[in-house]
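J.: I have a structure I would like to understand better, so I am pasting it below and will then ask my questions one at a time.
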């Protein structure tokens, strides 16, 4: 199976260099020994996967896009730019921002692996979450 990919921060829809402390991995790929803190960011549990198979440290379901945004997006790459904008707005909610801050704090001292179920490795909520974490890491003193 393919190993997890490193997260890329996004600026105006363009990907920047990956952060070595944040990794993205599909829920259907095998966990790796160096994954660090593994967090699932889907609102819905990945079909056919068990807790034991995923080896998660946390399930941050509230970080996933709202059901209405997820359904609107439908993983259509043509809607990717607008999805990112809408999702960044959702992630600005104080409770979600607090959860992102907590993940960034973990990433400052070790690796965070963001686990997601989407088939598309380039156009999914984990990419947006990774960009938010990278932004927080870059802004930290």
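J.: Could you tell me whether the stretch 58-74 includes any residue that is in contact with a strand residue (DSSP E or B) (Cβ under 6 Å, 6 or more places away or on another chain), within 21 Å of residue 123 (Cα to Cα) and modelled with pLDDT of 95 or more? Show your work before the answer.
T.: Step one: filter the stretch 58-74 for residues in contact with a strand residue (DSSP E or B) (Cβ under 6 Å, 6 or more places away or on another chain), giving 58-60.
The next check asks that each one be within 21 Å of residue 123 (Cα to Cα); those that pass are 59-60.
The next check asks that each one be modelled with pLDDT of 95 or more; those that pass are 59-60.
Yes, there is a match, as at least one residue in the stretch 58-74 is in contact with a strand residue (DSSP E or B) (Cβ under 6 Å, 6 or more places away or on another chain), within 21 Å of residue 123 (Cα to Cα) and modelled with pLDDT of 95 or more.
J.: Another one. Do the conditions hold for residue 87, that is, is it in a helix (DSSP H, G or I) and either under 23 Å from residue 137 (Cβ atoms) or modelled with pLDDT of 95 or more (or both)? Spell out how you get there, then give the answer.
T.: On the way: in a helix (DSSP H, G or I): yes; either under 23 Å from residue 137 (Cβ atoms) or modelled with pLDDT of 95 or more (or both): yes.
Yes.
J.: Sticking with this structure for a sec: Considering the stretch 37-65 alone, what residues qualify as being in contact with a helix residue (DSSP H, G or I) (Cβ under 8 Å, 6 or more places away or on another chain), surrounded by 14 or more Cβ atoms within 10 Å (Cβ to Cβ) and under 21 Å from residue 101 (Cβ atoms)?
T.: Of everything in the stretch 37-65, those that are in contact with a helix residue (DSSP H, G or I) (Cβ under 8 Å, 6 or more places away or on another chain), surrounded by 14 or more Cβ atoms within 10 Å (Cβ to Cβ) and under 21 Å from residue 101 (Cβ atoms) turn out to be 37, 38, 39, 40, 41, 42, 43, 60, 63, 64, 65.
J.: Here is a follow-up. What's the number of the condition residue 13 fails, among (1) touching a strand residue (DSSP E or B) at 6+ places or on another chain (Cβ under 7 Å); (2) at pLDDT below 95; (3) within 14 Å of residue 87 (Cβ to Cβ)?
T.: The failed condition is (1).
J.: How many residues does the stretch 52-66 hold that are without any contact (Cβ under 8 Å) to a residue 40 or more places away in the chain and either farther than 17 Å from residue 129 by Cβ or outside any helix (DSSP H, G or I) (or both)? Lay out the reasoning, then the answer.
T.: Going residue by residue through the stretch 52-66, those that are without any contact (Cβ under 8 Å) to a residue 40 or more places away in the chain are 52-53, 55, 57-59, 61-62, 66.
Filter once more, so that each one left must be either farther than 17 Å from residue 129 by Cβ or outside any helix (DSSP H, G or I) (or both): 52-53, 55, 57-59, 66.
Looking only at that region, the number is 7.
J.: Test each condition in (1) in a helix (DSSP H, G or I); (2) under 27 Å from residue 31 (Cβ atoms); (3) without any contact (Cβ under 8 Å) to a residue 60 or more places away in the chain; (4) in contact with a helix residue (DSSP H, G or I) (Cβ under 9 Å, 6 or more places away or on another chain) for residue 122 and report the one that comes out false.
T.: The single condition residue 122 does not satisfy is (1).
J.: Using the structure shown, decide if residue 96 is in a helix (DSSP H, G or I) and either surrounded by fewer than 19 Cβ atoms within 10 Å (Cβ to Cβ) or at pLDDT below 95 (or both).
T.: Values: in a helix (DSSP H, G or I): yes; either surrounded by fewer than 19 Cβ atoms within 10 Å (Cβ to Cβ) or at pLDDT below 95 (or both): yes.
In short, yes.
J.: Go through the stretch 109-119 and count every residue that is exposed (fewer than 13 other Cβ atoms within 10 Å of the Cβ) and touching a helix residue (DSSP H, G or I) at 6+ places or on another chain (Cβ under 7 Å).
T.: Here is the first cut: in the stretch 109-119, the ones exposed (fewer than 13 other Cβ atoms within 10 Å of the Cβ) are 109-110, 119.
Subset that is touching a helix residue (DSSP H, G or I) at 6+ places or on another chain (Cβ under 7 Å): none.
Total meeting the criteria: 0.
The values are calculated or read from the model by the stated rules, or taken from the named source; none is laboratory data. No experiment lies behind these values; they were computed from the predicted model shown. For neighbour counting, all protein chains shown are included, and Cβ atoms are generated from backbone atoms with ideal geometry for every residue, glycine included.
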